[in-house]
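K.L.:
If you scroll down you'll find the structure; I have some questions about it.
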Amino acid sequence: MEGSAADGVLAPLPGRCAFYVVKKKRYCKMIVGSGKTFCGEHANAGEESDKKRIPCPLDPKHTVFEDNLAKHLKKCNSKEKPKPIYYVKDINAGSASEDETIEEITIAERFKEELDELIVKLKTALKGMDSYMFTRSLRTRYQNEPLNDPKNGDSAFKHLEQQASILGNMEVLELLCPNRCYICLEFGAGKGKLSHWIHIALKAAVNVHFLLVERSSTRFKVDGKHKNAGSTFDRLQVDIQHLDLRNVPLLREKGLTVIGVGKHLCGAATDLALRCLFEHNCSDEDDEPPTKRLKPHQNEGACDKPVPSTEGRETGKKLIVSGLPIALCCHHRCDWRHYVGKEFFRQKGLGPEEFVAFQRMSSWATCGMRKFASKITEKTSEHKRDGEEEHEMSEEALPDTLKGLMSVEDREQIGRLCKRLIDHGRLYYLQQKGFKTSLKYYTSRDVSLENVLLTAVLTSI
């Protein structure tokens with residue numbers, strides 16, 4: 001009975017701190033010193049120590065003994081670390097002058113006449129444009145076994161289905177080749193599972209390397225499974241907004257052609273990624289022209305054509321990007337300053353005010369998710385997967401926001417049109433860089449409501 005009471009909830013665990021953490025509704029699990037009741041962090045809760053603990057000035061979430069502050073500050077994990085050579089503040093953020101003062105007006109604050117005018121502008125801008133190309137969910141032979149594994153739950157199956165289709169589309173576009181460096185971008189790097197499957201698909205290929213970019217530390221990464229592989233798996237913990245690929249040691253040393261990859265690259269992160277890959281890396285007129293796009297191949301080594309050698313390049317030299325697939329999502333998190341399709345919008349007679357409105361309205365395309373979100377309990381929300389909060393809906397997604405003005409079905413249709421217009425701005429940007437582009441439904445909506453894949457492949461010269 002005594003053992004069952006000492007479960008960390010009703011009573012402290014043996015040898016653990018006796019401080020009750022209200023937020024977590026349990027006792028602290030830190031080990032205490034011999035003869036002590038509280039751990040060092042909660043020593044002030046009792047009167048066991050004459051020393052005073054104060055909040056750390058670098059991070060007030062933890063405390064430190066006052067007389068030990070100077071020593072602690074030298075080794076505190078919250079201490080700002082030296083910036084790596086590839087960190088250049090706001091290099092991919094877009095011009096600060098573009099960050100014009102835009103009056104933030106929520107959709108709920110707009111009159112019906114304003115909404116009608118915006119919808120007319122939206123449909124006018126989209127006239128003559130191709131809609132998304134429908135494609136079935138493609139699969140590669142490499143994922144047949146895990147996709148058919150009954151041990152995988154519904155969530156795992158959906159992630160595998162999306163990863164398999166991204167790989168299938170890469171295979172069709174001849175983007176699975178040796179002598180390449182695959183850059184898996186933030187919100188897409190995560191645990192590294194997409195790069196894991198690309199590595200499996202290219203197991204027999206030579207000179208294939210992976211660069212995983214993530215702005216925050218991630219647990220349970222699968223990178224460790226490839227420690228003894230011939231490929232290099234480098235992980236950069238940096239925001240894409242500040243990443244200069246020209247200065248990344250792996251890319252400078254290997255001199256390989258680059259292929260960008262992203263799965264659910266959230267909102268503005270897509271634009272930051274495109275700027276990161278192309279804004280400072282595409283060849284100018286004085287540079288050597290990019291390699292001609294490769295012909296369809298019959299075997300894995302057939303796409304191994306010679307590329308302009310950049311091995312041992314100096315810091316700051318341009319890279320060669322041959323293509324990319326990016327699974328898009330969360331257009332309501334886009335930002336005018338970062339957006340790469342400004343010129344496209346201006347050609348359509350649109351500006352930042354319309355962009356902000358369409359960005360907000362784009363969340364209507366997935367507003368049905370709110371019906372299910374209301375059923376999620378507080379307990380479930382406490383156990384959300386890492387990074388899941390990045391893909392939550394904005395307040396514009398609430399079904400009752402425009403009650404009486406238009407039906408939920410009409411709003412979802414308008415939301416999809418807003419997404420398409422924003423995405424066509426990205427296609428225009430890539431086309432100006434010399435790429436053949438497309439937008440495809442790469443999976444069904446029951447697998448993911450955010451089911452559009454942007455692809456770009458370097459065109460022949």
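The values are calculated or read from the model by the stated rules, or taken from the named source; none is laboratory data. The structure displayed is predicted, hence computed values, not measured ones. Note: ideal-geometry Cβ built from the backbone for every residue, glycine included; neighbour counts use all protein chains shown. Keep in mind that these areas ignore ligands, DNA and RNA; they rest on the heavy atoms of the full protein, side chains included. Shrake-Rupley method; radii C 1.70, N 1.55, O 1.52, S 1.80 Å.
K.L.:
Enter the accessible area of Leu439 (Å², nearest 10), with the probe set to 1.4 Å and all protein chains included.
P.N.:
The accessible area of Leu439 comes to roughly 10 Å².
K.L.:
If Lys24, Lys51 are ordered by their accessible area, calculated over protein heavy atoms with a 1.4 Å probe, which sequence runs from highest to lowest?
P.N.:
Lys24, Lys51
K.L.:
In what order, largest first, do Met406, Met133 sit by accessible area if the probe radius is 1.4 Å?
P.N.:
Met133, Met406
K.L.:
Can you give the accessible area of Cys276, probe radius 1.4 Å, in Å² rounded to 10?
P.N.:
About 0 Å², rounded to the nearest 10.
K.L.:
I would also like to ask the following. If each of Lys79 and Glu109 carries a label point 7 Å out from its Cα toward its Cβ, how far apart are those two points in nm?
P.N.:
4.5 nm
K.L.:
Could you compute how much accessible surface Val408 exposes when probed at 1.4 Å, giving the result in Å² to the nearest 10?
P.N.:
Solvent-accessible area, nearest 10 Å²: 30 Å².
K.L.:
Further question: Distance in nm between label sites at Met129 and Leu405, each 7 Å beyond Cα in the beta-carbon direction?
P.N.:
2.1 nm
K.L.:
As a quick test, which of the pairs Lys263/Lys318; Lys24/Lys89; Lys52/Lys79; Lys89/Lys348 have an alpha carbon distance above 29 angstrom in this structure?
P.N.:
Check vs 29 Å cut-off fails for Lys24/Lys89; Lys89/Lys348.
K.L.:
Hey, another quick one. Probe radius 1.4 Å, ligands and nucleic acids left out: which of Lys121, Lys440, Lys81, Lys36 has the largest accessible area, and how do the rest follow?
P.N.:
Accessible-area ranking of Lys121, Lys440, Lys81, Lys36, largest first: Lys81, Lys36, Lys121, Lys440.
K.L.:
Here is a follow-up. Set the Förster distance to 25 Å, then compute FRET efficiency between Tyr87 and Ser444 from the Cβ-Cβ distance, nearest 0.05.
P.N.:
That pair, Tyr87 with Ser444, gives E of 0.05.
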